[in-house]
Amino acid sequence: MKQCIACDEVKPLSEYYRHSMMRDGHLGKCKECTKSYVRTHRAANIDRIREYDRARGKSPLRIANAVEVTRKWRAKDNRLSSAHRAVSEAISKGKMKRLPCERCANPKAVAHHDDYNKPLDVMWLCQPCHKQRHKELRSEGVVLYEAAE
């Protein structure tokens, strides 16, 4: 058990993030207080944090990791990259138009495929709505792609 330095509640150690520099090996704030602080700090310093994230994303190690993630993504099922390529080509040739998010009208939308066998049958969703759509599909037990064997 440990007392949180932010909310003063006594909670089990499982409610604290591990931190090797602390005497007991756990952070002084509980997980909920830490999450609250991080959300508040990010909102108050969003421009500086976004600039830091952009700079960090350009580091050679992060670029190499992104290349590896993309390679693995393409290896899972070639229908995924084929469908994405088909949408890109259709947009560039004027056969398809990029639309705002179908759920919230955010102008920054990406193409979402419910079925990769129908590459030009897409829903236009912003990133938050796209993530939500994938959660919905997972909860329904829908498998969007098969792993390569």
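Any read-out appearing in this document is the output of simple, stated calculations on the displayed coordinates, not a laboratory observation. The structure displayed is predicted, hence computed values, not measured ones.
Here are the numbers for this structure:
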quantity	calculated
Sequence-distant residues sharing a close amide H with LYS29 (under 5 Å, placed H)	ILE5
Helix-only CD estimate at 222 nm, as mean residue ellipticity for the chain, using -39500 (n - 2.57) per DSSP H run (n ≥ 4)	-15500 deg cm²/dmol
Gain on full stretching of the segment that runs from LYS108 to LEU144 - 0.36 nm per residue minus C-alpha separation	10.7 nm
Karplus (6.51, -1.76, 1.60) ³J(HN,Hα), θ = phi - 60°, over region 46-59, in Hz, Gly and Pro reported as x	4, 5, 5, 5, 5, 5, 4, 5, 5, 5, 5, x, 8, 5
For region 117-125, 3J(HN,Hα) per residue [Karplus equation, 6.51 cos²θ - 1.76 cosθ + 1.60, θ = phi - 60°, Hz, x = Gly/Pro]	7, 10, x, 9, 9, 10, 10, 8, 9
GNM top mover of VAL110, VAL69, VAL38 - the chain, alpha-carbon springs below 10 Å	VAL38
Integer Hz, Karplus 6.51/-1.76/1.60 couplings in order for region 3-13, x for Gly and Pro	9, 6, 6, 9, 9, 6, 7, 8, 9, x, 4
The chain: C-alpha gyration tensor shape, a/c 1.5 cut-off, then a/b vs b/c	prolate
Residues whose placed amide H lies under 5 Å from that of GLU102, excluding near-sequence neighbours	TRP124, LEU125, CYS126
Chain lengthening between LYS72 and ARG56 when straightened (0.36 nm per residue, less Cα-Cα)	3.6 nm
Angle between the chain longest axis and helix 78-92 axis [Cα atoms, degrees, rounded to 10]	70
